[in-house]
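Before any comments, here is the structure.
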Amino acid sequence: MTWNLMFFVNSALLGIGLAMDAFSVSLANGLNEPKMKFGRMSFIAGSYAFFQFAMPMIGWICVHTIITYIKSFEKFIPWISLILLLYIGIKMIIEGIRGDLEEEITDKKLAFSILIIQSIATSIDALSVGFTIADYVLIMAVVASLIIAIVTFFICMVGLKLGIKVGDKFSDKAGIFGGIILVGIGIEIFVKGIFF
């Protein structure tokens, strides 16, 4: 592979495709926390972007070192994403139904541990991108992963902003809506990974 316009276009398109799950989760997070400030939005989007950078690089490294182990792990990726997102989504739905969110909506914040779980769950499929960029030299793999991360960051910022706007209008049901979105994403990743 050589440095050319198609390299950058392909990397950006990969970033758009990979960021869709993170966009949906960002939307749910914005719904859940409608009073979120810009710095916090940047931190959340940055977390998703970091993992979208790290996963393709881990995949690239594995291709060049322990390919046989990662190939056998690949079939578990849809299951891991499903379990993580179902756990978070169902928890949000239950809290929303119980009314916990109604009382605490102004200070209900996404816990750091949940953010990490979401980041891993939405980026784990990017691990396989390491296989598609296996013929890149190290610097090209780093640049491609950086482009994916930058695209993810901006897409997630849009998702958070949209969620916040909608969350302001429907704050009493935001947790339920957000939970349903996360459960739907988990099922979609699972079905896509198992059947396609």
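A short reminder: the numbers here are calculations on the coordinates, not readings from a lab. Note that the structure is predicted; figures quoted are calculated from it, not measured. All Cβ positions, even for glycine, are placed from backbone atoms using ideal geometry, and neighbour counts span all protein chains on display.
Remarks
- Distance (nanometres) between label positions extended 7 Å along Cα→Cβ at Ala12 and Val191: 3.1
- Pairs from Lys35/Lys91; Lys75/Lys161; Lys37/Lys109; Lys37/Lys165 whose Cα-Cα separation, in the structure shown, is over 23 Å: Lys75/Lys161
- ³J(HN,Hα) computed for each position of the stretch 83-94 - Karplus, 6.51 cos²θ - 1.76 cosθ + 1.60, integer Hz, glycine/proline x: 4, 5, 6, 4, 4, 5, x, 5, 4, 5, 5, 4
- Phi-based couplings in Hz for the stretch 44-52 (Karplus 6.51, -1.76, 1.60; Gly and Pro marked x): 5, 4, x, 5, 4, 4, 4, 5, 5
- Inter-label distance for Asn4 and Ala134, nm, one decimal - labels placed 7 Å from Cα along Cα-to-Cβ: 2.3
- In sequence order, calculated HN-Hα J values of the stretch 145-155 (Karplus, 6.51, -1.76, 1.60; Hz; x Gly/Pro): 5, 5, 4, 4, 5, 5, 4, 4, 4, 5, 5
- Between Val143 and Ile90, the FRET efficiency from the beta-carbon distance, with R0 = 35 Å, is close to 0.35.
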